[in-house]
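First up is the structure itself, then whatever we jot down about it.
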Amino acid sequence: MFTGIIETLAKVLEIKPEGSNKRFTLEIPFLAELKVDQSIAHNGVCLTVEKLNQTSYEVVAIQETLNRTNLNAWQRGNAVNIERCMPADGRFDGHIVQGHVDSVARLSKLENKNGSWDLHFTHNPKAGITVEKGSICINGISLTVVVSTQDSFSVSIIPYTWEHTNLKALSVGDEVNIEFDILGKYLQKMHQQ
């Protein structure tokens, strides 16, 4: 389980196809603290560390993951938001994030508010629901929904988040990984039955 509080940015060093999967090699500042078998959220996608190298580590994304996320768009040199699992005695600073991305959303508008940024996204309405002042996870970042419609939502970004995540690299039309709030997903499922 994660909280959506980004620890650092990793750099994509290499991407190799392996059948229907893709193997990603990444560079991270705290490589010495990682171990094989560890779950790490990469832009909100929970991936398992499979191999440690001298200066990098490797993870594999299977076809299901590639189909639901923006990992197919990753390129060498991209910056990826990273969060390790929350320790049992850790603080819950964000919201409950599973690392199970529901879908992608497309950035439809980016507004510089002279000290903050408003980002507007569109998504498949069948993928999940948002509510105003509820939680949404975008590229692994725990954020608060400002405006919510059936197929869109917006969030406001503070300077710290802008500077310490990969949101600042987004352009209109780019896709991000989204994980809807787990409580909302259960309520939506119960309502459909």
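The values are calculated or read from the model by the stated rules, or taken from the named source; none is laboratory data. The structure displayed is predicted, hence computed values, not measured ones. Cβ coordinates were reconstructed from backbone atoms using ideal geometry, including for glycine residues, and neighbour counts include every protein chain displayed.
Each row is one residue, and each column tells you yes or no for (1) closer than 20 Å to Val45 by Cβ; (2) modelled with pLDDT of 95 or more.
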{"site": "Cys137", "(1), (2)": "yes, yes"}
{"site": "Tyr160", "(1), (2)": "no, yes"}
{"site": "Val176", "(1), (2)": "yes, yes"}
{"site": "Ile182", "(1), (2)": "yes, no"}
**Prompt:** (1) under 30 Å from Tyr160 (Cα atoms); (2) in contact with a Phe, Trp or Tyr (Cβ under 9 Å, 6 or more places away or on another chain): which one isn't true of Thr55, the others all being true?
**Reply:** (2)
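What residue, of Asp118, Asp93, is touching a Ser or Thr at 6+ places or on another chain (Cβ under 7 Å), under 18 Å from Trp162 (Cβ atoms) and exposed (fewer than 15 other Cβ atoms within 10 Å of the Cβ)? Show your work before the answer.
On the way: Asp118 fails: exposed (fewer than 15 other Cβ atoms within 10 Å of the Cβ).
After applying the criteria, what remains is Asp93.
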**Message:** Quick check on this structure: which one of Val101, Val147 is among the hydrophobic types (A, V, I, L, M, F, W, C) and either out of contact with any Phe, Trp or Tyr (no Cβ under 8 Å at 6 or more places or on another chain) or within 17 Å of Ile182 (Cα to Cα) (or both)?
**Reply:** Val101
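Across segment 1-25, which residue is farthest from Gly77 (Cα to Cα) among those that are hydroxyl-bearing (Ser, Thr, Tyr) and crowded, with 18+ Cβ neighbours inside 10 Å? Step through it out loud before you land on a result.
Taking segment 1-25 first, the residues hydroxyl-bearing (Ser, Thr, Tyr) are 3, 8, 20, 25.
Checking which are crowded, with 18+ Cβ neighbours inside 10 Å leaves us with 3, 25.
Values: Thr3: 26, Thr25: 11 Å.
This residue is Thr3.
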**Request:** Could you list all residues from segment 160-193 that are in contact with a strand residue (DSSP E or B) (Cβ under 9 Å, 6 or more places away or on another chain), assigned to a helix (DSSP H, G or I) and loosely packed, with under 12 Cβ neighbours inside 10 Å?
**Result:** Ala169
**Request:** Among the numbered conditions (1) at pLDDT below 95; (2) within 14 Å of the chain's Cα centre (by Cα); (3) at negative phi, tell me where Gly99 comes up short.
**Result:** (3)
**Message:** Please determine whether any residue of segment 118-133 is closer than 17 Å to Phe2 by Cβ, part of a loop (DSSP other than H, G, I, E, B) and of a type in the set (S, T, N, Q).
**Reply:** no
**Message:** All but one of (1) touching a residue at least 12 places away in the same chain (Cβ under 8 Å); (2) over 21 Å from Val12 (Cβ atoms); (3) aliphatic (A, V, I, L, M) hold for Leu167; state the number of the condition that does not hold.
**Reply:** (2)
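So which residues in segment 146-159 are among the hydrophobic types (A, V, I, L, M, F, W, C) and surrounded by fewer than 20 Cβ atoms within 10 Å (Cβ to Cβ), if there are any at all? Spell out how you get there, then give the answer.
Narrowing segment 146-159 to residues among the hydrophobic types (A, V, I, L, M, F, W, C): 146-147, 153, 155, 157-158.
Val146, Val147, Ile158 - these are the residues of segment 146-159 that are among the hydrophobic types (A, V, I, L, M, F, W, C) and surrounded by fewer than 20 Cβ atoms within 10 Å (Cβ to Cβ).
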